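J.: Please read through the structure below; I'll follow up with questions.
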């Protein structure tokens, strides 16, 4: 009996540690109206034209990662990160559309899971829509989520036994300086 109890607690400890610190939870949520207003102001559009993609908003420890579309004649995709440092547009594309909910991945066993958004984006080289992945990872140094094209490629076709190169990461909107 004692052996079974020990095995049970050992398994529970392993499962709980594999998901990180309980304070580092990512949850699906709604985009707060204050952030919608900031995004609308930044893009010089009406608040009612800012639409969070279904299940595309995630929150963590006071921050948000959100997938948005704006009412427009051309389909578009935007990914914003909001935290104590401010609001940053880490991805924008048109013509573009989101293909499903964001995916949380913990293959790298990090403090917070990586976030993958699958999109269909117009590729000028192909001359048609192509499937892409936008990958975000939590940067301890910057205390926020950052985007990395190398990480996206690693998730699509990379050797999972070799750590991805995150040197191309971007944690703030272009021109914000970091």
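The values are calculated or read from the model by the stated rules, or taken from the named source; none is laboratory data. Quick caveat: nothing in here was measured; it's all calculated off a predicted structure. Reconstructed Cβ throughout: ideal geometry from the backbone, glycine too, with neighbour counts over all protein chains shown.
J.: Could you check the range 160-172 and list, in sequence order, the residues that are in a loop (DSSP other than H, G, I, E, B) and either in contact with a strand residue (DSSP E or B) (Cβ under 7 Å, 6 or more places away or on another chain) or more than 20 Å from residue 92 (Cβ to Cβ) (or both)?
T.: Step one: of the range 160-172, the residues in a loop (DSSP other than H, G, I, E, B) are 160-169, 171-172.
Residues satisfying the conditions are 160, 161, 162, 163, 164, 165, 166, 167, 169, 171, 172.
J.: Shifting gears a bit: For the range 139-159, does any single residue satisfy the condition of being touching a residue at least 12 places away in the same chain (Cβ under 8 Å), in a strand (DSSP E or B) and touching a helix residue (DSSP H, G or I) at 6+ places or on another chain (Cβ under 7 Å)?
T.: No, the range 139-159 contains no residue that is touching a residue at least 12 places away in the same chain (Cβ under 8 Å), in a strand (DSSP E or B) and touching a helix residue (DSSP H, G or I) at 6+ places or on another chain (Cβ under 7 Å).
J.: Any chance you could count how many residues in the range 93-117 are without any contact (Cβ under 8 Å) to a residue 60 or more places away in the chain, crowded, with 16+ Cβ neighbours inside 10 Å, under 13 Å from the mean Cα position of the chain (by Cα) and assigned to a strand (DSSP E or B)?
T.: Final tally of qualifying residues: 3.
J.: Based on what the data block shows, is residue 46 at pLDDT 50 or above, exposed (fewer than 14 other Cβ atoms within 10 Å of the Cβ), more than 17 Å from the chain's Cα centre (by Cα) and farther than 18 Å from residue 114 by Cα? Outline the logic, then answer.
T.: Numbers: at pLDDT 50 or above: yes; exposed (fewer than 14 other Cβ atoms within 10 Å of the Cβ): yes; more than 17 Å from the chain's Cα centre (by Cα): yes; farther than 18 Å from residue 114 by Cα: yes.
Yes: the conditions hold for residue 46.
J.: Moving on to the next point. Pick out the one residue from 85, 132 that is modelled with pLDDT of 90 or more and over 11 Å from the mean Cα position of the chain (by Cα).
T.: Values: 85 fails: modelled with pLDDT of 90 or more.
Going through 85, 132 in turn, just one is modelled with pLDDT of 90 or more and over 11 Å from the mean Cα position of the chain (by Cα): 132.
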